[in-house]
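First comes the structure, then the notes that go with it.
The values are calculated or read from the model by the stated rules, or taken from the named source; none is laboratory data. Fair warning: this is a prediction, and the values are worked out from it, not measured in the lab. A quick note on method: Cβ atoms are made from the backbone with ideal geometry, for glycine too, and the neighbour counts reach across all protein chains shown. Surface areas here come from the heavy atoms of the whole protein model, side chains and all, with no ligands, DNA or RNA. Shrake-Rupley method; radii C 1.70, N 1.55, O 1.52, S 1.80 Å.
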Amino acid sequence: MGNGALAELRTLLGNDSVLSADADTETYLIDQLRNYRGRALAVVLPRSTEQVVAIVGWCREHRVAIVPQGGNTGYCGGATPDESGRELVLALQRMNRVRAVSAADFSMTVEAGCVLARVQQAAAEAGRFFPLSLGSQGSCQIGGNLATNAGGVNVLRYGMTRDLVLGVEAVLPDGSIYNGLSALRKDNTGYNLGSLLIGSEGTLAVITAATLKLWPQMRSTATAFVAVTSAQAAIELLGMLRTQVGDRLNSFEYLPRSAVQLACEQFDSLQDPFESPYDSYLLIEISSAGLEDLDDLLQTALTSDSASELILDAVLATSERQRQAFWHLREKVPEAQRRAGGSLKYDVSVQVSQLPAFLAQVSEWVTANVPDGFLVCYGHAGDGNLHCNISQRPDAPLAGFLAREPAIKRRVHDMVKEFGGSISAEHGIGQQKVEELERYASPVKLELMRRLKHTIDPLGIMNPGKVLRS
Ligand code: FAD
Ligand code: MLT
Ligand code: ZN
């Protein structure tokens, strides 16, 4: 690729929208877990959908692959280019406008580069609520959320990102704009193409904007940190709460002792809500758009005779500050693991009813087979989604621990498969799990995915090597 081609790109976009100096591109070429490092021809920063069209046209002409990048918070290396130095990173950060908020339609249209926290804030300013909530919300972008079909802590009530989207605008690899932006609630006119792009991790199109569903703003909330007798008790409590508080239940997060202890050890600002240690904890939150005494409702539910048998201790947040403290304890767990040393991450799901048996089996296996590590298996228990992570023991050598990863991964994922679960519940495939997908997905599914990819992207210029082998 000659300098002339890059000069063409600069003419199309303006000089300051094409970064090629090492110092400028560095942060775009490495993923946030520092597992992947690539090289790139350049990083481009379009300001509009039309500029994305121009970039795609240029890439087609020069047969250059595009790696879309949002907030670069993904866990599977999906936004990191390969090492060839021939790919173009297309970062959406400058396409960050809220195009419209319609309180009447309970909808908003935002550009892909809008940071999730900004989307939530714009909804709130209009008296509405956008429920997608993740630990990375201060830096991940809505386009990245759509591209990964992100989950988070409110899935139990509102669903994954796919369930929160009414329409998508995207630039396809042939340079055409798919304009599916619409606030319509019902539209059964053929295949749902927006839904196909959601979760496609940049391999089918560049998502440039989305129309999102909004809900009424929550006016009442109650949050409890609960110690339960076991994971089985947690799932029984989930069933009870769902029948007693109904749709008000938005979060039901599971934390083992190892996670609470690690988070408290790593962050001075965090505190164990209880004086004595327990094996299993839950962070439970209910909320309502109406003015209701939810503390009373939650307290009544947690102190009923049947619930009391499952619960060892419980604290209800009595202030917003205490509520935030509970949430920080939950959301700091991934960072605490990183600070504490090596960690192996497995984002898995099983049917909710199978979660206790799965957890028991993984626990037993890790204890018997991973002497240099310990299980920190926490997460969105209400959705059957566990971050089944294994942390390095402080006294164990890192190299030996990491060298065992392939064997550990194989056993953890085989167990997931035996339980009929998923090897990627919410983080996607990226470049990390391409071989795992090939191993565990059905041949029919893989073949259909390959045909779709080839039909939409026959030149293979959209994020090659991610999700599917190129
Ligand atoms: P990136 O990392 O930039 O990209 C991710 C993928 O999407 C890549 O394949 C990229 O090519 C593609 N992509 C990005 N933007 C576009 C676009 N506009 N068009 C087409 N393709 C695009 N994830 C969860 O699901 N649930 C959680 O609870 C959760 N918690 C997290 C907590 C922390 C602390 C961190 C660091 C991450 C967490 N994540 C979680 C993972 C991550 O934040 C999500 O996957 C998020 O949706 C990625 O968004 P992003 O903008 O950072 O995307
Ligand atoms: C979470 O739920 O905290 C994340 O999805 C998992 C992680 O950040 O490792
Ligand atoms: Zn998660």
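Summary of values
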item: With Cα atoms, 0 to 90° folded angle of helix 443-456 axis to the chain main axis; result: 40
item: 25 Å Cα-Cα threshold exceeded, pairs from Lys332/Lys445; Lys417/Lys445; Lys445/Lys466; Lys433/Lys453; result: Lys332/Lys445
item: Cβ-derived FRET efficiency at R0 45 Å, Ala126 paired with Asp174, nearest 0.05; result: 0.80
item: Tilt relative to the chain, helix 3-13 - C-alpha long axis, 0 to 90 degrees, to 10; result: 70
item: Local net charge near Ser17, Cβ-Cβ under 9 Å (Lys/Arg +1, Asp/Glu -1); result: +2
item: Accessible-area composition of the chain, carbon plus sulfur, in percent [1.4 Å probe]; result: 48
item: Inter-probe distance in nm under a simple model that places probes 7 Å from Cα toward Cβ, at Lys445 and Arg63; result: 3.4
item: Stretchable slack from Ala100 to Glu438, in nm (0.36 nm times residue separation minus alpha-carbon distance); result: 117.6 nm
item: Helix-only [θ]222 nm of the chain, DSSP H runs n ≥ 4, -39500 (n - 2.57) each, per residue, nearest 500; result: -10500 deg cm²/dmol
item: Heavy-atom accessible area per residue - the chain, 1.4 Å, Å²; result: 43
item: Cβ-Cβ FRET estimate between Asp16 and Arg162, R0 fixed at 35 Å, reported to 0.05; result: 0.50
item: C-alpha center-to-center spacing [region 59-136, region 286-334] in angstrom; result: 32
item: Exposure of Met218 as accessible area (Å², to 10), given a probe of 1.4 Å and all protein chains; result: 50
item: Principal-axis tilt of helix 257-266 within the chain, Cα atoms, nearest 10 degrees; result: 70
item: Accessible surface ranking that places the most exposed of Tyr36, Tyr281 first, with a 1.4 angstrom probe; result: Tyr36, Tyr281
item: Student exercise, region 292-421 dipole from Lys, Arg, Asp, Glu Cβ charges, in Debye to nearest 20; result: 920
item: Solvent-accessible ranking of Val444, Val315, Val228, largest area first, probe 1.4 Å; result: Val444, Val315, Val228
item: Extension gain (nm, one decimal) between Asp305 and Met240, 0.36 nm per residue minus Cα-Cα; result: 22.3 nm
item: Rounded to the nearest 10 Å², the accessible area of Thr229 at probe 1.4 Å; result: 70
item: Region 394-470 versus region 157-177: alpha-carbon centroid distance in Å; result: 23
item: At most 15 other Cβ within 10 Å, DSSP loop - chymotrypsin sites (Phe, Trp or Tyr not before Pro), region 133-196; result: Tyr191
item: Pairwise label distance in nanometres, Ser269 with Ala117, each label 7 Å out on the Cα-Cβ vector; result: 1.1
item: Computed magnitude of the charge dipole of the chain (debye, nearest 20; Cβ of K, R +1, Cβ of D, E -1); result: 1260
item: Inter-label distance, nm, simple model (7 Å from Cα along the C-beta direction), Asp279/Asn188; result: 4.9
item: Rounded accessible area of Arg94 (nearest 10 Å², 1.4 Å probe); result: 70
item: Under 13 Å, Cβ to Cβ, from Phe326 - net charge with Lys/Arg +1 and Asp/Glu -1; result: -1
item: Net charge over other residues, Cβ less than 13 angstrom from the Cβ of Glu111 (K, R count +1; D, E count -1); result: +3
